[in-house]
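The values are calculated or read from the model by the stated rules, or taken from the named source; none is laboratory data. Here the structure is a predicted model, which means the values were calculated and not measured. Every residue, glycine as well, gets a Cβ built from its backbone with ideal geometry; the counts of neighbours run over all protein chains shown.
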Amino acid sequence: MDDDKKKQVMIGVIVLCLVAAGGIFFLTSGGGGDGLGTIPEGEMYWVKCNNPACNAEYQIPARTFHKFQMDNINPLANSAPPMECKECGKKSVYRAEKCENCGKVFFRNSGGANDFADRCPSCKHSAEEARREARRSGQQ
C-alpha cells in the first residue's frame, strides 16, 4: 500500500474512533438532559416549613422539587434554597423525611454530617441503615 492510501485509512480509523467515542459519551451521559426523566413518575418527597409559626408538613412531586433546586441553586450557598410554603407563603420549606417507625416528619440530616440523612431525631430509626443491615445479613 502506498503512503497516501495508508494516510487515508488512518484518518478514516481516527474519525471512526472519534464518532464512536462521542456516541458512547452521549449514550452514557443521559443525552445531556436535565435528569428529571430519571425520577420515577409519581415519586413524592416530604417537605417541612422551617417557619416556627407554621411548621407545615406535606408532600410534593420529586420532579417539582428537583426542578426548583436546579432553577434556583446558588453555588456559593452551603445549603439548598428554600421553597415557598403553601401554608404561610414564606420561603422556608426544605426537604424532609417521614419516619417509617414513628411517623414524625423531620428535616433531613438532623443527626449531623456523619449519620444517615433519614435518622429520626425522635426514635433514632433510619430506614437506610435498616436496608443496609438487611442487605449485609443477606435478607434484602
Practice prompt. Please give the number of the condition residue 84 fails out of (1) farther than 22 Å from residue 118 by Cα; (2) out of contact with any Lys or Arg (no Cβ under 9 Å at 6 or more places or on another chain).
Written response: (2)
Item to complete: Answer yes if at least one residue in region 28-36 is in a strand (DSSP E or B), of a type in the set (Asp, Glu) and either surrounded by 12 or more Cβ atoms within 10 Å (Cβ to Cβ) or free of Cβ contacts under 8 Å to residues at least 12 places away in the same chain (or both), and no otherwise.
Response: no
Worksheet item: If we scan region 89-111, do we find a residue that is out of contact with any helix residue (DSSP H, G or I) (no Cβ under 9 Å at 6 or more places or on another chain), of a type in the set (Asp, Glu), buried (at least 16 other Cβ atoms within 10 Å of the Cβ) and closer than 20 Å to residue 44 by Cα?
Response: no
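A quick yes/no check of all residues on (1) touching a strand residue (DSSP E or B) at 6+ places or on another chain (Cβ under 9 Å); (2) among the hydroxyl-bearing types (Ser, Thr, Tyr); (3) part of a helix (DSSP H, G or I); (4) modelled with pLDDT of 95 or more:
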{"site": "64", "(1), (2), (3), (4)": "yes, yes, yes, no"}
{"site": "78", "(1), (2), (3), (4)": "no, no, no, no"}
{"site": "81", "(1), (2), (3), (4)": "yes, no, no, no"}
{"site": "110", "(1), (2), (3), (4)": "yes, yes, no, no"}
{"site": "119", "(1), (2), (3), (4)": "yes, no, no, no"}
Worksheet, complete the sentence: Log entry, pairs with first residue in region 40-64 being within 10 Å of residue 96 (Cα to Cα), second being among the small types (Gly, Ala, Ser), beta carbons closer than 6 Å, six or more apart or on different chains, reads 45/62; 46/96; 47/96; 48/96; 49/56; 49/92
Worksheet item: Could you say whether any residue in region 67-82 is of a type in the set (D, E, K, R) and either at positive phi or touching a residue at least 40 places away in the same chain (Cβ under 8 Å) (or both)?
Response: no
